[in-house]
Each structure stands twice: as C-alpha cells, then as structure tokens.
1. Look through LYS118, LYS146 and report the one residue that is within 21 Å of LEU79 (Cβ to Cβ), of a type in the set (Lys, Arg) and either out of contact with any His (no Cβ under 9 Å at 6 or more places or on another chain) or surrounded by fewer than 18 Cβ atoms within 10 Å (Cβ to Cβ) (or both).
2. Do the conditions hold for PHE337, that is, is it within 27 Å of VAL221 (Cβ to Cβ), buried (at least 17 other Cβ atoms within 10 Å of the Cβ) and in contact with a His (Cβ under 8 Å, 6 or more places away or on another chain)?
3. Filter the stretch 1-27 down to the residues that are modelled with pLDDT under 95, farther than 20 Å from ASP119 by Cβ and not charged (D, E, K, R) and list them by number.
4. Looking at the stretch 32-53, which of its residues are among the aliphatic types (A, V, I, L, M) and either part of a helix (DSSP H, G or I) or within 17 Å of LEU253 (Cβ to Cβ) (or both)?
5. Please state which of the following conditions GLY153 fails to meet, knowing it meets all the rest: (1) surrounded by 21 or more Cβ atoms within 10 Å (Cβ to Cβ); (2) under 24 Å from SER40 (Cα atoms); (3) out of contact with any Gly (no Cβ under 9 Å at 6 or more places or on another chain).
6. Any residue at all in the stretch 342-352 that is without any contact (Cβ under 8 Å) to a residue 24 or more places away in the chain, more than 24 Å from PHE267 (Cβ to Cβ) and either surrounded by fewer than 20 Cβ atoms within 10 Å (Cβ to Cβ) or of a type outside the set (Val, Ile, Thr) (or both)?
Amino acid sequence: MKLFQKGELKLLWPFYLEYFTASLLYLIPAFMVVYFTSLSLSFTQIGILLSIIPLFQFIFEVPTGAIADLYGRKFSVLLGYILEAICVLAMFFFNNYYAMLIIFAIWGIGGTFSSGSKDAWIVDILNKKDKNLINHFFGRMQFIIKSGLVLSGFLGAFLVKVSGLKIIWLMTFFSYIISITILGLLTSENYKKHKIQLSKSLEKVFVQSKRSIHYSIKHPVIFYLLVASFFMMVSVTFSDSLGFVPFLKSLGLSDYAFGYFHSIYIFIGAIAGLFAKKMLGKHKEVNFLIMTTAVGSLILCGTYLANNLMITMGIIFIAAFFFSLEYPIYQPYFHKFIPTKMRATIGSFQSMIFEIAGIISLPLGGYLVDIIGAKGVIIISAFLGIPSIIAYLLVKEEKAEPIKQEEEKPETC
C-alpha cells in the first residue's frame, strides 16, 4: 500500500512536516495535569482551569471566523499559533493560579483562529490542484499526527526525567515556533479578500445555524447521536483528562513515566482505528457503537478492583481499544444523515456540544476527584456509558429521510 498518492507530497509536504514536528514536540497532553498537581492545585482548581479553553473557544469561534474571511486562512492560522505560542511560553514563567486563568483564556481565543482555518486552507489548495487527494489527506494527516504523538511521549518521558516538568512548556513553545516558521516560509495561499459586511455575514450565520440546529434536534438519528456523544465526552473528560493521573500516581507511576503511558495509549487508539471497519463487517453501525461502548465501559469498571499498577494500566489500555473503535464508525455514520449544505454548520454544532460537555465536566470532574477520589470518578466515567447506550437504542434510522448529497463545493467563508 502506497503511503502517499501521486503528486501528494509535492503539494502538501510542508503541511505534513509541520503536523509531524508539531505533534512530536507537543508534550502538553501527557504531562499537563501532572504538572498542575506538582503545583499543589486541587483538582477542582485544575478542572476550572482546563475548562477555560473550551469556554473561550465556544464564545469566540464565530467572531474569529471573520478574520479568515477578511485576511485569509494563512494569516488566521499564523495569528492563532502566535497567540498560543505566547501563552505556552507564559506558562513557563507564571504559576500563579489567577495568572494562569488569564493565560488559558487567551489560549482559548488563539485556538479559534486556527481550528477550522487550517483544514479549510488545505482543502482550498486541493480543490484547485487535485480534489481526489482530499479524502486521502485527512486519513494521512491523522496517521502523521498520531505517529508524532506516540514518539512525543517517549521524548517527553526522557526530558521530564532529566529536566523536570517545566520543560514541557518550553518544548511545546518550540513546536509552535517550528510550525510558524514552516507554514510562514514554506507555504503560500492565493487568497482573494472577501468584501463582506460583518453585520450581514453574522446574520447569515445566525439563520443558517438556526436552520441546522433545528434540523439536528428534530432528526431521529442525528439528535440521539449528539446526545450519546455528549455523555461520552463527559466520560472521557472524567477518566482521561482527570481521573487517570491521580489514580496511577497513587499506584506508584512516576511523573516522567506518564510519557510512556501516553505513547502506548495513543498507539492503541491508532491501531483500533485500523481495525474498526473490519470489525464492523456487515453489522449496523448503531449496534456496533452500542457493543463497543458497553464492552469498553464494563472493562473500565475493572479498575475498581485493581490495586496493582501494571494490571490497572492493562485494564485501561484494553478499555481504550474498544472506545477507540467508535470514532471511525461514528463520524461517517453521523455525516451519512446530513445534507451537504448543512454539513459545515452541523459539524460546528457538534463541536459546540463537545465544548459544552468540556465546560461542564472539567470543573465537576475535578470537584468529584477532590470529594470521592480518582477511582470513584473513573467508575462514574464507566457508568456514563449507560446514557450513551440508551441514546443509541433510541436511534430510529428507518424514520430518517434519505439524503441526496450534492457534489461538494469549496467553502467561501
């Protein structure tokens, strides 16, 4: 099997290089919660701090989208990266809680400049040069990012062991500098400024959003898929974002060893993605989602009885395999019922659901860790699979009207 299609590297090599180097040096996912515990913050404080980013992304997602319309995708992406780089560097120098709250707020705003603009920028290029590469690009992008993240855990473990936890902020800052350099110097964009009136643009966004949200809520499949994903997002936040770190630390996992844990966790997710469609076979997607959620949740409940570090990590990794089978099946199934003209807006609505779940669950999960302990929060995380399964059971695919998908057109916003 060819890794790259004909002409793909010629068009996209700067972006692929940036994806790999950025994820390789992005050490935050493996160590951020570990770092905050080293500052003696309570998990309630940690949860509130982590919720600031999705809160400000939720508030500023639409307004910052106008920047890409007015000045181009490249400008928007680079501006976002510069803001995020400044925030990451500031984290190296400041550990006052209120200062970190302000830094995370700016970080959340910065993320909105690059979140959708980068994909749109690359899709614009491929629409002009070779549309056949679009689907291949998204699969290859995920492979490259996950490869970098797997290696970043091992690199992070070495650096943290040698230099301490604060090194994660410097290395992540360098990852942004490299990204800004690669995208700034090695890429181009033939972008024509859009002459828009902000008031009319926002009015159109409001009307389109209202139609799309109404469609999603009334749809016999999309609505229940969104409900299921909300609870799964809360579940992931309780376990992955908050519960695992204090629980594994209580069993003796060293701070630097969380890099190894993160690498293995990401690797299992990547492997599961390769097996998902083969395991689906001829089964109905919704039945497959029910099965993976149920099995993953039951396995995760095994942590309640586990008091050995290696056994606990084994349980977590096996549960992660089943949970990771869901995304490659869920997303295509979700988009199967969305009209082309509403796809971008309903996709944004789905992102908003995830952000709301994070805004709610991060402070709540942190508070629960302080009150009942990490193990209890992980068990709650496992039981949150139940409302997701109920939502999947309520899906009425037979009542969904067939969607006639039109040929995709490049977005102009």
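1. Values: LYS146 fails: within 21 Å of LEU79 (Cβ to Cβ).
From the options LYS118, LYS146, the qualifying one is LYS118.
2. On the way: within 27 Å of VAL221 (Cβ to Cβ): yes; buried (at least 17 other Cβ atoms within 10 Å of the Cβ): yes; in contact with a His (Cβ under 8 Å, 6 or more places away or on another chain): yes.
Yes; evaluated as a whole, the condition is true for this residue.
3. Within the stretch 1-27, MET1, LEU3 meet the criteria.
4. Applying the first criterion (among the aliphatic types (A, V, I, L, M)) to the stretch 32-53 yields 32-34, 39, 41, 46, 48-50, 52-53.
Of everything in the stretch 32-53, those that are among the aliphatic types (A, V, I, L, M) and either part of a helix (DSSP H, G or I) or within 17 Å of LEU253 (Cβ to Cβ) (or both) turn out to be MET32, VAL33, VAL34, ILE46, ILE48, LEU49, LEU50, ILE52, ILE53.
5. (3)
6. To start, the set of residues in the stretch 342-352 that are without any contact (Cβ under 8 Å) to a residue 24 or more places away in the chain comprises 343, 347.
Filter again for more than 24 Å from PHE267 (Cβ to Cβ), leaving 343, 347.
Okay, now just the ones that are also either surrounded by fewer than 20 Cβ atoms within 10 Å (Cβ to Cβ) or of a type outside the set (Val, Ile, Thr) (or both), so 343, 347.
Checked against the condition, which is being without any contact (Cβ under 8 Å) to a residue 24 or more places away in the chain, more than 24 Å from PHE267 (Cβ to Cβ) and either surrounded by fewer than 20 Cβ atoms within 10 Å (Cβ to Cβ) or of a type outside the set (Val, Ile, Thr) (or both), the stretch 342-352 yields at least one hit.
Each row is one residue, and each column tells you yes or no for (1) under 24 Å from SER209 (Cα atoms); (2) crowded, with 20+ Cβ neighbours inside 10 Å.
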residue	(1), (2)
ALA30	no, yes
PHE60	yes, no
LYS74	no, no
TYR81	no, yes
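Okay, residues lined up against (1) part of a helix (DSSP H, G or I); (2) within 30 Å of GLN5 (Cβ to Cβ):
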site	(1), (2)
ASN95	no, no
MET100	yes, no
ILE103	yes, no
GLY108	yes, no
SER114	yes, yes
ASP119	yes, yes
VAL123	yes, yes
ASN127	yes, yes
ASN132	yes, yes
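The values are calculated or read from the model by the stated rules, or taken from the named source; none is laboratory data. Model, not experiment: these values are computed from the prediction. Reconstructed Cβ throughout: ideal geometry from the backbone, glycine too, with neighbour counts over all protein chains shown.
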